[in-house]
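Each remark here refers to the structure printed beneath this line.
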Ligand SMILES: NC(=O)c1ccc[n+]([C@@H]2O[C@H](COP(=O)([O-])OP(=O)(O)OC[C@H]3O[C@@H](n4cnc5c(N)ncnc54)[C@H](O)[C@@H]3O)[C@@H](O)[C@H]2O)c1
């Protein structure tokens, strides 16, 4: 008898690292719950998965809203009955600015998605995994979560918060069969970065993230490969780990 497929929930699945990681996990035989507030983009990810003979569902949700998070977790349980892998990845970048010039609304927007969204996802998925006695959570932080970043202080603070939540939760849940890690990309060629590059040109505020020592930004696949490894049994001794994938940016 073949083993039951693992169930992976991915937030921010409509673009960038969320999309590419979802496709990679689907190719490995996992069934996907694709969460994004941009439903057409997540549907497009599902089409790409189906082209590879994979399977999944789309849940339109805003990760910063508790009711939406409860809904995507419930949709995963209603459809597939469990959650084995949670790639807690949706995030937004702030417009580059010096701290004193950062509007309060910008602070609220970035903290709501990057910090509260990651917290809410963990809060509801951990309950499911605790009941199962197993599961892996991979939070997307950033190199800006392990070192301060010029021109995006609030974004950097939100990613430091993700690193901290990852470590605290790993302390609390690793004895319950749940591994919790964070991936910290440097610069990755995604829609997020394309928009960011434009606002750097407009504002003249340049974060150091611009200069990876390897001489180029990462392709989303180069992060997805690491996430897939972290999600796999090959990473069985990794929990509370903050995994930097940055082309030497922080070296
Ligand atoms: N691209 C980089 O250079 C880089 C570097 C370090 C960390 N990151 C982090 O990686 C993660 C993914 O970024 P990406 O570059 O793939 O970005 P992206 O913009 O290509 O994709 C992000 C996806 O998240 C979705 N999303 C945003 N806010 C949401 C919300 N409130 N609810 C549900 N979905 C939401 C968007 O619709 C989009 O589909 C983010 O957490 C980002 O901060 C990116």
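A compact table of results
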read-out: Tally of residues being touching a strand residue (DSSP E or B) at 6+ places or on another chain (Cβ under 6 Å), more than 19 Å from residue 221 (Cβ to Cβ) and either part of a helix (DSSP H, G or I) or near the ligand (Cβ under 10 Å from one of its atoms) (or both) across region 12-41; value: 2
read-out: Lone qualifier among 205, 160 - being more than 8 Å from the ligand (Cβ to nearest atom) and at pLDDT below 95; value: 205
read-out: Test result for residue 144, part of a helix (DSSP H, G or I), near the ligand (Cβ under 9 Å from one of its atoms) and in contact with a helix residue (DSSP H, G or I) (Cβ under 9 Å, 6 or more places away or on another chain); value: yes
read-out: Residues of region 69-89 satisfying the condition of being in a helix (DSSP H, G or I), surrounded by fewer than 21 Cβ atoms within 10 Å (Cβ to Cβ) and in contact (Cβ under 8 Å) with a residue 12 or more places away in the chain; value: 70, 71, 75, 77, 79
read-out: Hits in region 161-198 (condition: surrounded by fewer than 19 Cβ atoms within 10 Å (Cβ to Cβ) and more than 16 Å from the chain's Cα centre (by Cα)); value: 168, 171, 172, 174, 175, 176, 177, 194, 195, 197, 198
read-out: Pick from region 209-239, criterion at pLDDT below 95 and surrounded by fewer than 17 Cβ atoms within 10 Å (Cβ to Cβ), ranking: nearest to residue 97 (Cα to Cα); value: 210
read-out: Boolean, residue 183 is on the phi < 0 side of the Ramachandran plot, part of a helix (DSSP H, G or I), within 10 Å of the ligand (Cβ to nearest atom) and in contact (Cβ under 8 Å) with a residue 24 or more places away in the chain; value: no
read-out: Output for region 104-135, where each listed residue is crowded, with 16+ Cβ neighbours inside 10 Å and not in a helix (DSSP H, G or I); value: 135
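The values are calculated or read from the model by the stated rules, or taken from the named source; none is laboratory data. Fair warning: this is a prediction, and the values are worked out from it, not measured in the lab. Neighbour counts run over all protein chains shown; Cβ positions are idealised from the backbone, glycine included.
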